[in-house]
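Everything below concerns the one structure shown next.
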Amino acid sequence: MVLLDVKNVRKVYTTRFGGNQVEALKDVNFSVEQGEYVAIMGESGSGKSTLLNILAALDRPTEGKVFLKEKDLSKVKEKEMAAFRRNNLGFVFQDFNLLDTFSLKDNIFLPLVLSGTSHKEMERRLLPLADKLGIKNLLEKYPYEVSGGQKQRAAVARAVITQPQLLLADEPTGALDSKAAKELLRLFTHLNQDGQTILMVTHSVKAASTAGRVLFIKDGKVFHQIYKGNLSETQ
Ligand code: ADP
Ligand code: ADP
């Protein structure tokens, strides 16, 4: 089943002064099946952030449409966007975006608190997830007390505790050393094996190679894609 469908997406930025136009995305078409793990690679300036912002419903395309399941994102009203994102999407960022004054546990709970989930339900979801992500003993710690890799694992927990249809990751290994990066990618693989659909933007070939499919974007267009071969299953 198709989870995400990107159809003829074009994005033009008009600069404030002089009215110069930048066509950041030209005609982007691709879809992601439920349960897929897809990476998007491309050089700086190729349109990755623009695309991710559109998929995250933070920005709207100039032309074209994005569907999540059957939901047309352009039909989501501005004031419902935050709730739509919270209920359907999980985000992982390069620089973690954890709140320093909250414990890891409270950071992880935050999206559930915002959506009014009961405390009992929050606790019920937390332990198995923290266990899976290897942060069970760190939940009372604060972000400044743990390593980058541990911060990112807490950020992943926060992203998936809402059980999002789609996990969007923007350079999730960009701020990690190679060991922590490898561990994070292993977690992504495990989450995906448990059914989580993942879309990850990355500069790293190593990171991209853990995905089932890699889309290459250049000058605002998807110009190539590679499906992972069976061989790499044993990596
Ligand atoms: P990344 O490191 O993800 O490729 P960029 O350096 O392309 O990020 O962009 C960083 C931020 O600056 C983004 O939010 C993007 O929307 C904005 N940005 C990039 N290029 C321009 C531009 N020419 N004019 C205004 N904002 C821009
Ligand atoms: P990437 O994330 O791959 O680095 P971006 O999506 O940030 O690429 O940028 C794609 C193109 O759009 C670049 O030419 C960039 O300068 C331009 N751009 C991005 N954001 C803006 C913006 N807010 N205003 C004007 N131009 C932008």
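Details
- For the range 24-54, the set of residues classified as in contact with a Phe, Trp or Tyr (Cβ under 9 Å, 6 or more places away or on another chain) and within 8 Å of ligand 2 (Cβ to nearest atom) consists of 24, 42, 46, 50, listed by residue number.
- Any chance residue 110 is closer than 30 Å to residue 140 by Cα, touching a residue at least 24 places away in the same chain (Cβ under 8 Å) and surrounded by fewer than 19 Cβ atoms within 10 Å (Cβ to Cβ): yes
- Boolean, residue 12 is at pLDDT below 95, assigned to a strand (DSSP E or B), over 23 Å from residue 193 (Cα atoms) and within 11 Å of ligand 2 (Cβ to nearest atom): no
- Among residues of the range 15-35 being of a type in the set (Gly, Ala, Ser) and assigned to a strand (DSSP E or B), the one that is surrounded by the most Cβ atoms within 10 Å (Cβ to Cβ) is 24.
- Pick from the range 36-51, criterion in a strand (DSSP E or B) and within 21 Å of residue 165 (Cα to Cα), ranking: nearest to ligand 1 (Cβ to nearest atom): 40
- Among the residues of the range 14-35, those identified as among the polar types (S, T, N, Q) and within 15 Å of ligand 1 (Cβ to nearest atom) are 14, 15, 20, 21.
- Search result, residues across the range 67-100 that are within 21 Å of residue 1 (Cα to Cα), assigned to a strand (DSSP E or B) and aromatic (Phe, Trp, Tyr): 67
- Scanning the range 52-66 for residues that are within 16 Å of ligand 1 (Cβ to nearest atom) and not in a helix (DSSP H, G or I) yields 56, 57, 58, 59, 60, 61, 62.
- Those residues of the range 51-67 which are within 14 Å of the chain's Cα centre (by Cα) and either buried (at least 21 other Cβ atoms within 10 Å of the Cβ) or at positive phi (or both), in sequence order: 51, 54, 55, 57
- Taking first residues from the range 1-13 that are touching a residue at least 24 places away in the same chain (Cβ under 8 Å) and partners that are surrounded by 15 or more Cβ atoms within 10 Å (Cβ to Cβ) and not in a strand (DSSP E or B), the Cβ contacts under 6 Å between residues at least 6 apart in sequence or on separate chains come to 9/61; 10/62; 11/50; 11/61; 11/62; 12/62.
- You will find that of 151, 141, 206, the residue that is part of a helix (DSSP H, G or I), over 24 Å from residue 50 (Cα atoms) and over 13 Å from the mean Cα position of the chain (by Cα) is 151 and no other.
The values are calculated or read from the model by the stated rules, or taken from the named source; none is laboratory data. Everything numeric in this text was worked out from a predicted model, so none of it was measured. Cβ sites come from the backbone with ideal geometry, for glycine too, and all protein chains shown count toward neighbours.
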